[in-house]
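Here is the structure we will look at.
The values are calculated or read from the model by the stated rules, or taken from the named source; none is laboratory data. Since the model is a prediction, treat every value here as computed from it, not as a measurement. Note that each Cβ is placed from the backbone with ideal geometry, even for glycine, and that neighbours are counted across all protein chains shown. Each accessible area value is taken on the protein alone, full model and side chains, heavy atoms only, with ligands, DNA and RNA left out. Shrake-Rupley method; radii C 1.70, N 1.55, O 1.52, S 1.80 Å.
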Amino acid sequence: LGTYFNRYKNQPYTESRYLMDTYVTLKIYGPNPQKVKKAAEAVFNELKKLEQLSNRFGDQNSEVVQINQQAGIKEVGVSQEVWTIISSSLAYSQKTSGAFDPSSGSLADLWGITGQHPRIPSDEEIKTVLPLVNYQLVTTAENTRTVKLEQPGMKLDLGGAAKGYALDLAIQVLKEQGIQNALVDLVSSTAALNNRPDGKPWRIGIQPPRALAGEAYLAILPLENCFISTSGD
């Protein structure tokens, strides 16, 4: 019985769900199956809530949709989750002098990559929309937790930051649920809670940008109690 229990304990509970426009995969270790499954459900519930609040293509329950609809009109009150993503995004906009800019939604829309007919926009189209991309025109008030886009037509797009926040949130929830060893994978972004149960670090394979089926990894990185994100070329 002891041998069976130890063997079971070293097998992770793994589950994937489609959230935040990607597949979220949880790999959780723990001796109590009910506790592990409860922890996974808690993570998925929190990420679904975050998706509903921050998805700019969502319905009226999305606070980002509300902010974009009120661009040039009035400020919008937001939840603590969305406030944290927006305020941290703007902080990085300042640090990078706008190289990272969450107000790029209108520009991104020109490519139509989320629709049925993606395309390459003309230089003239891009030139027309560029004035709407300016993080300095995003006004925030911490005391009232409100956000306003100062120019009509501006759109927030939190895609560059929301998944990182989602990973932080998932790790926090797992810790609150008493989990000590887990991996949270959002395809291009991965977070590790501590290491594997055997004490060894997690092994994360990085594929070449145009990898073919069966092609060797570009690198295999050890990951322990930290976060990694990759991007296509």
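Data table
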| quantity | calculated |
| --- | --- |
| Within the stretch 129-140, tally of residues that are within 18 Å of I86 (Cβ to Cβ), outside any loop (DSSP other than H, G, I, E, B) and open to solvent by 30 Å² or more (accessible area, probe 1.4 Å) | 6 |
| Number of positions in the stretch 131-154 that are touching a Lys or Arg at 6+ places or on another chain (Cβ under 7 Å) and under 21 Å from S97 (Cβ atoms) | 1 |
| Residue in the stretch 144-161 that is part of a helix (DSSP H, G or I) and modelled with pLDDT under 95 present | yes |
| Selection count, the stretch 171-225, where residues are open to solvent by 30 Å² or more (accessible area, probe 1.4 Å), of a type in the set (V, I, T) and closer than 19 Å to I28 by Cα | 1 |
